[in-house]
Structure formats: structure tokens, C-alpha cells
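Take a look at the structure set out below.
Every number here is computed from the coordinates shown, using simple stated rules; none is lab data. On a predicted model such as this, the values are computed, not experimentally measured, just so you know. Quick reminder, even Gly has a Cβ in these numbers, built from the backbone with ideal geometry, and neighbours come from all protein chains shown.
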Amino acid sequence: MNLIFTCGGTAGHINPAIAVANMMKERHPESNILFIGAQGHMEEKLVPQAGYQVKCLPGSGLSRKLNGAGIRQNIRAVKCVLDAVKACKAIFRDFQPDVVIGTGGYASFPALYAAQSMGIPTCVHESNAVPGVTTRLAATKASRVLVAFEESAKHYKHPERVEVVGMPVRREFLYDTKADARKALNLSGYVVVSAFGSQGAKVMNEVIADMLPLEQKDGFPFHHIHATGSFGKEWMPQRVKDNGVDYENCPSLDLREYIYDMPAVMAAADLVIGRAGSATCNEIAASGTPCILIPSPNVTNNHQEKNARLLESGGGAVVLLEKDCTPQVLYAQIRELLADESRREEMSKKLHGMMRLDATERICDIVEKVSKR
């Protein structure tokens, strides 16, 4: 079986595709698997690290601004799409895929469009309750539209092709135990993990940088692992130093660009702080790690807050809006949760109860059904 996965932009689009690819490889060891993404994004790092080949094409996202710069960007984006569709068709003629699976991001549209124009079966997975632009465009001719939430089905013109499957996560999130993870990572005491996307959210990185002096003042009451993201890496370390925190010589602080071993780190953590993209929410639910979610206010249809409120109403999360999340407020919430072990245990149970454990299996079943072979 020849499978092509297309995704990109953020880890939230890439990791679900890797989870499905891993299971398909287990089921069909003879399978040939190829990823298609966009140049200059996380897929260039994450996909090869997972053991798969990736072809990255030039790409550009659309602008919603109607000024001159926005119009010029959209002209470039259209040209990139047309060039990428042509390149994808050439790849498909050589690779002969049985199915093309898209998991989101503008980088996935050219491959899905090219496959549909060539009569190749396609599966499109939408991780959020409200479909994004790529999913809306690709869903009309998709063989199957796979959604994470029941309420998503109403957004599509062909409900007979829509199946509710949940959100695939890597198997490591389901089976790592806290004790094993801590032993492997050589961690002890309270562990707090914070990350705000593969690129890093500037506002939240600033909040974390300005919160570290509060931790230092209290003698660092917990081990703090923070992912700066690719953008935050350029400026955040200096801001931390300017705040009087020598993080490079402090064993309680661990600043990284990206947390590549997130399943183990999340399993070892007592508390996770992050955005509320669907992939993040499902990975947190799978690991059962209590969390503080700060939804991004800069997303379509405010879908991150909807995701976060779902975990909050189920008893597994505390939600802080970005406008209310000062360093002092966030630090106080962290200390409050770390001091309440029974509450954290209850949050963990609630999170496990929300997880669709068979999401990856369901998607693989559907991929096999629509495959040309």
C-alpha cells in the first residue's frame, strides 16, 4: 500500500498524521509512506524524526486583509498553490498513492486537490469543532471527511461522507506512566510544563518570562520545562536574563525551542500549561495531565476557547483567557493546583474519561476501506 500524508504549519497538524502513519505501518509493514508539506515549517523537522520521508514545497498562507500587502500576499499564495498542485501531480505519477490523507494546514490543500483531480481517494481529518479553510475547500470532493467532534458534522454539504472518529494521538501519550517517565527523564518533585505552539505565542512567552522571577523569589518550588517555539527562541532567553533569572545555571529551569519528547515530558508532569488547539487538548486528555489552558484569541471562530471550555466543563482543565493571564494570576493558579493533590487526581480521571482511545484505529480502518487496493 502506498500512502501519502499531507499536513503542515504546526505540530497540531503534523503529529496526528504521524500517529496514523505509525499504525498503518504496523498493519502493513510493506507500505510505502510519504509526507508532503510546506518549506520552512515544522514538518521539515518532525517528519524525518519520526522516520518518514517528506517533500516540502513552496507555500504561502492567505491573508484576510484587503489592503495592498494582503492582496499581494494572496496573489503569491495562489501562484504557490498552482505550482504545488503541478508538483504534487508529478509526485503522484511517480509514487502511485492508493490514498492521500490530509490533516490540516494550508500546505495540505494542493496535494488533496491534485489527488482529487486525478481520481485518487482522499481522506480529510478536521481536528477542531469548526472546520478550517483547507477542510472546507477539500471536503466537497473528499472520499471521507473525518471529524473529532460530533457537532462538526453539520458544517459539511455531504454528511453521508462524514464520520466522527475523534483525534489521533501518538501511542506514547496513552501508555507512558508518570513513574517511568520521571525515571527516564531524571525528574523529581513537582514538574510544570508550558508550551504555546511550535512557533511560540509572543504574549504568552512574555508572561512566562515575567513569571520566572516569581518562581526564583520562592526558591523555585517546581521544575519548569518551557518550550519557547521557533520565534520565541530569538528573543525570550534574553528577556529572562534581563529579568534577573540565570536560567542557564538553574537546574529547576529548562528552556527549549521545542519539546520533541512531549509524550514522556507530559507524562512526567504534574501540570501542563498551553494553548487549546485540538491536538493539544487531545494529547492532554490522553496523558491525563491536569492543565491550565489559555486559548489563543487569534483563531478562526474562536475555536480554541470552545475546545478549552469542553475540557473545563468536563472537570479536566482550568481556563484563563489571555487578556486576564498576567504573570501573577498564572503563578497563583499554578501554586493553587500544585497544592491540591486530590483535585489534580480528579482532573486526571476526568481527562481520561473524555478521550476516544480508538481514534487512530478508526481512521486506519477508513483509510483501508477507501484505498484503491
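Under 5 Å from the amide H of Val319 lie the amide H atoms of Leu293, each residue being 5 or more positions distant or on a separate chain, with H modelled from the backbone and absent for Pro and chain starts.
Packing here is the average count of other Cβ atoms within 10 Å per residue, and on that basis the peptides 111-120, 11-20, highest first, run 11-20, 111-120.
Dipole magnitude for the chain: computed about the Cα centre from +1 point charges on Lys and Arg Cβ and -1 point charges on Asp and Glu Cβ, it is near 1580 debye. Over the chain, DSSP H runs of length four or greater, each weighted -39,500 (n - 2.57), average out per residue to a 222 nm ellipticity of -14000 deg cm²/dmol. For segment 69-120, the C-alpha radius of gyration divided by 2.2 N^0.38 Å, with N the number of residues, is 1.23.
GNM remark for the chain: springs join alpha carbons under 10 Å apart, and the peak mean-square fluctuation among Ile75, Ile363, Ile284 falls on Ile75.
Comparing mean-square fluctuations of Val192, Val130, Val329 from a GNM of the chain with C-alpha springs under 10 Å, the top value falls on Val329. Between the amide H of Val164 and those of Val147, distances stay under 5 Å, these residues lying 5 or more places away or on another chain, with hydrogens modeled in the peptide plane. With 25 Å as the limit, the listed pairs Lys79/Lys157; Lys233/Lys306; Lys202/Lys306; Lys25/Lys55; Lys55/Lys79 have Lys79/Lys157; Lys233/Lys306 beyond it between alpha carbons. Around the Cα centre of segment 66-201, unit charges on the Cβ atoms of Lys, Arg, Asp and Glu (plus for the first two, minus for the last two) sum to a dipole of about 420 debye. Between the amide H of Gly37 and those of Lys55, Cys56, Leu57, distances stay under 5 Å, these residues lying 5 or more places away or on another chain, with hydrogens modeled in the peptide plane. Fully extending the segment from Ala77 to Ile91, taken as 0.36 nm per residue of separation minus the present Cα-Cα distance, adds 3.0 nm.
Rounded to the nearest Hz, the phi-derived 3J(HN,Hα) couplings of segment 119-126 under the Karplus curve 6.51 cos²θ - 1.76 cosθ + 1.60 (θ = phi - 60°) are x, 8, x, 10, 10, 10, 9, 10, where x marks glycine and proline.
Its relative contact order, with pairs defined as Cα atoms under 8 Å and 6+ residues apart, puts the chain at 16 percent. Annotation: the antiparallel percentage among DSSP beta bridges lying fully within the chain is about 0.
Counting pairs of alpha carbon atoms under 8 Å apart in space and at least six apart in sequence, what relative contact order in percent does segment 82-162 give?
Numbers: 129 pairs, mean separation 20.1, N = 81.
That works out to 25 percent.
Taking label positions 7 Å along the Cα-Cβ direction at both Met118 and Arg239, the computed distance is 4.4 nm, reported to one decimal. For the chain, the longest principal axis of the C-alpha atoms and the axis of helix 202-217 are separated by about 20°. Summary value for segment 172-354: 23 percent relative contact order, contacts being C-alpha pairs under 8 angstrom separated by 6+ residues.
Compared with the alpha-carbon gap, the fully stretched path from Glu26 to Ala153 is longer by 42.7 nm at 0.36 nm per residue. Among Asp261, Asp358, Asp83, the residue with the largest mean-square fluctuation in a Gaussian network model of the chain, with springs joining Cα atoms closer than 10 Å, is Asp261.
For segment 29-46 versus segment 330-373, the inter-centroid distance based on Cα atoms is 25 Å. Across the chain the C-alpha pair distances fall into 10 Å bins from zero in the proportions 5, 24, 33, 24, 12, 3, 0 percent.
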